[in-house]
Amino acid sequence: MFVEFFPDPTLVSDQEGEYVEIRLDENFEGDSLFVGLEGKAPLRFAYPKGRRLLLSHDSSLCERREGLACESLGSITLPNSRESLWRLTSGSCRDSILLPQPKAGKAFQRVGESDEWLFTSGTPGTADPQYELDIADCGLSYIKFEGGSPVWKVSGWLTGCDSISATMHYQELFKGGSPIQDDVTLSGFFSLEIPAGAYLFHLELPEDEAPSNNVVDTLIFAADNPPARISEVHHCPEEPIPEWVEIYNASARPMPLGDLRFCNRSGHFGEIGDSLAPYESVVISKDTAALREQILYGDARLLQVSLGYLNNTAGSLSLCYRNMVLDSVSWDKSTVTCPMGFSPITGKPENTPGFVNHRVSASSAEPFTYKVLSRVISKRGDPLRVRIENESNVSLKLLDSARREVWKMNIPPTSGVWWSVPVQKHISIGVGYISISAGNYEKVVGFVLRP
């Protein structure tokens, strides 16, 4: 029988996203299966083996998994502005449904074996246990994280089964080391414990007909110490500079940009595989081309995101990892005087796109912190001054516009003083850089030498 239709996707074209899903009886034996839309020649397939058949134009929708067969919709295009009549036939087995007018971005889900159809989020190729009957499903429900000191307690319920073996692994965000993995047995209401810390946490049950509730994959951390932060906001910059927001990865692990977004405001910051390196920042703007023209140094990483408009007088912004809020900021007329931006971490005015000049995490493994007194200096003025707080030896280098080293000095541990960098002696008018490094950890900061 027909169980799901997706006639009108919004994130991709209809040809890429539309599909028809059919639930099969594994005990039924037939030679052929016919799928027809009124007014069009029916599609004919050899009767599939398995529990489901997914028809689509794009094979990437159809994951290769046990019990799922995949076929092409061919020339059939699903109507997205009217009712449609569909027929399914195999031998003496038949199903016929009149599908209502679709809603953009929503799938039709059949309720049980009735003729009732609801608008839901699509689940191509997998069962939806909320609506389908007799589904082999053992899932996770009501997952909750409590504590944080001296341990995290992870509790929840099993649904659809009494007990099951599962795999749990977690990896520290602010420290190095390999992930910790445990095989655990869950029964009914369960409670697990892991040491205090900030983690990338993963709990997974064996795959079944409804894999959507088999996995918990999230971050856990203390509320006052998130692994990614909003480190600078420019909600009312001077024309023609576009609005921009800086995001900083305060952890020792790469942060997947495909999972980061501004809550209730825009799409994700990147595609699957894109990441923000540890202790690095990225500048988010809806017009990166215009912003790049206004930034006098090329180190800042820019990402174009449709973040809408930021209120100039009073507003707020939240950073989400998937559906979890990592960090939130707000501002009003008393926060900063336009057109200057501000750092939500220090609460002070700031205008350093792509560079975070202060420690933003008490648990961070950064080997030093630094501050640059000014990044626009005069050829006839004072030298560039840098203050470094460090617990081990740090190398301070001066680089020309081509990133060639022209001067170097070693900073001893726990110095805590302002160091003068002889920029006027070694750099021509224009852009230059300073490099601050300890071992493999390096920060490069741009500056401008004016006449």
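Here are some notes:
- Filter result for residue 14 (among the charged types (D, E, K, R), closer than 16 Å to residue 108 by Cα and open to solvent by less than 40 Å² (accessible area, probe 1.4 Å)): no
- Among all residues of the range 76-92, there is none that is under 20 Å from residue 135 (Cβ atoms), of a type outside the set (Gly, Ala, Ser) and open to solvent by 40 Å² or more (accessible area, probe 1.4 Å).
- Among residues of the range 344-356 that are open to solvent by 60 Å² or more (accessible area, probe 1.4 Å), those with a beta-carbon under 8 Å from a residue that is among the hydrophobic types (A, V, I, L, M, F, W, C) at least six positions away or on a different chain give the pairs 348/342; 349/336; 349/340; 349/342; 351/340.
- Single residue of 428, 395, 435, 401 found to be within 16 Å of residue 371 (Cβ to Cβ) and of a type in the set (S, T, N, Q): 435
- Filtering the range 180-198 to residues that are assigned to a strand (DSSP E or B) and small (Gly, Ala, Ser) leaves 187, 191.
- Matching residues, the range 28-40, being under 19 Å from residue 99 (Cβ atoms) and surrounded by fewer than 19 Cβ atoms within 10 Å (Cβ to Cβ): 34, 36, 38, 39, 40
- Taking first residues from the range 391-412 that are within 13 Å of residue 367 (Cβ to Cβ) and open to solvent by 40 Å² or more (accessible area, probe 1.4 Å) and partners that are among the polar types (S, T, N, Q) and assigned to a loop (DSSP other than H, G, I, E, B), the Cβ contacts under 8 Å between residues at least 6 apart in sequence or on separate chains come to 391/414.
- Residue in the range 48-69 that is surrounded by fewer than 19 Cβ atoms within 10 Å (Cβ to Cβ), over 31 Å from the mean Cα position of the chain (by Cα) and either hydroxyl-bearing (Ser, Thr, Tyr) or assigned to a strand (DSSP E or B) (or both) present: no
- Of the residues screened, residue 201 is not one that is at pLDDT 95 or above, open to solvent by 60 Å² or more (accessible area, probe 1.4 Å) and out of contact with any Cys (no Cβ under 7 Å at 6 or more places or on another chain).
- Selection from the range 85-95 of residues that are assigned to a strand (DSSP E or B) and among the polar types (S, T, N, Q): 89, 90
- Number of the condition not met by residue 206 [criteria: (1) in contact with a Pro (Cβ under 6 Å, 6 or more places away or on another chain); (2) within 30 Å of residue 51 (Cα to Cα); (3) open to solvent by 20 Å² or more (accessible area, probe 1.4 Å)]: (1)
- Scope the range 180-192; condition closer than 19 Å to residue 217 by Cβ and open to solvent by 50 Å² or more (accessible area, probe 1.4 Å); matching residues: 180, 181, 182, 183
- Those strands (runs of 3 or more DSSP E) lying entirely in the range 214-327 with at least 1 residues open to solvent by less than 50 Å² (accessible area, probe 1.4 Å), in contact (Cβ under 8 Å) with a residue 60 or more places away in the chain and touching a Phe, Trp or Tyr at 6+ places or on another chain (Cβ under 7 Å): 215-220, 228-234, 260-262, 281-285, 315-321
- Only a single criterion out of (1) within 30 Å of residue 103 (Cα to Cα); (2) touching a Pro at 6+ places or on another chain (Cβ under 9 Å) is not satisfied by residue 132, namely (2).
- Within the range 175-190, residues that are over 17 Å from residue 206 (Cβ atoms) have Cβ atoms under 7 Å from residues that are part of a loop (DSSP other than H, G, I, E, B) in these pairs: 175/252; 175/365; 176/252; 188/162, counting only partners at least 6 apart in sequence or on another chain.
For (1) buried (at least 16 other Cβ atoms within 10 Å of the Cβ); (2) assigned to a loop (DSSP other than H, G, I, E, B); (3) touching a Ser or Thr at 6+ places or on another chain (Cβ under 7 Å); (4) of a type in the set (S, T, N, Q), each residue gets a yes or a no:
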{"residue": "124", "(1), (2), (3), (4)": "yes, yes, no, no"}
{"residue": "143", "(1), (2), (3), (4)": "no, no, no, no"}
{"residue": "157", "(1), (2), (3), (4)": "no, no, yes, no"}
{"residue": "165", "(1), (2), (3), (4)": "no, no, yes, yes"}
{"residue": "168", "(1), (2), (3), (4)": "yes, no, no, no"}
{"residue": "171", "(1), (2), (3), (4)": "yes, no, no, yes"}
{"residue": "175", "(1), (2), (3), (4)": "no, yes, no, no"}
{"residue": "178", "(1), (2), (3), (4)": "no, yes, no, yes"}
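- With respect to the stated conditions, residue 78 fails to be closer than 20 Å to residue 110 by Cα, assigned to a strand (DSSP E or B), in contact (Cβ under 8 Å) with a residue 12 or more places away in the chain and not charged (D, E, K, R).
- Any chance residue 25 is under 22 Å from residue 100 (Cβ atoms) and open to solvent by 40 Å² or more (accessible area, probe 1.4 Å): no
- Of all residues in the range 96-122 being basic (Lys, Arg) and part of a loop (DSSP other than H, G, I, E, B), the one that is surrounded by the fewest Cβ atoms within 10 Å (Cβ to Cβ): 103
The values are calculated or read from the model by the stated rules, or taken from the named source; none is laboratory data. Remember, predicted model here, so these are calculated numbers, not experimental data. Cβ atoms come from the backbone with ideal geometry, glycine included; neighbour counts cover every protein chain shown. Please note that ligands, DNA and RNA were not included when accessible areas were found on the heavy atoms of the full protein model with its side chains. Shrake-Rupley method; radii C 1.70, N 1.55, O 1.52, S 1.80 Å.
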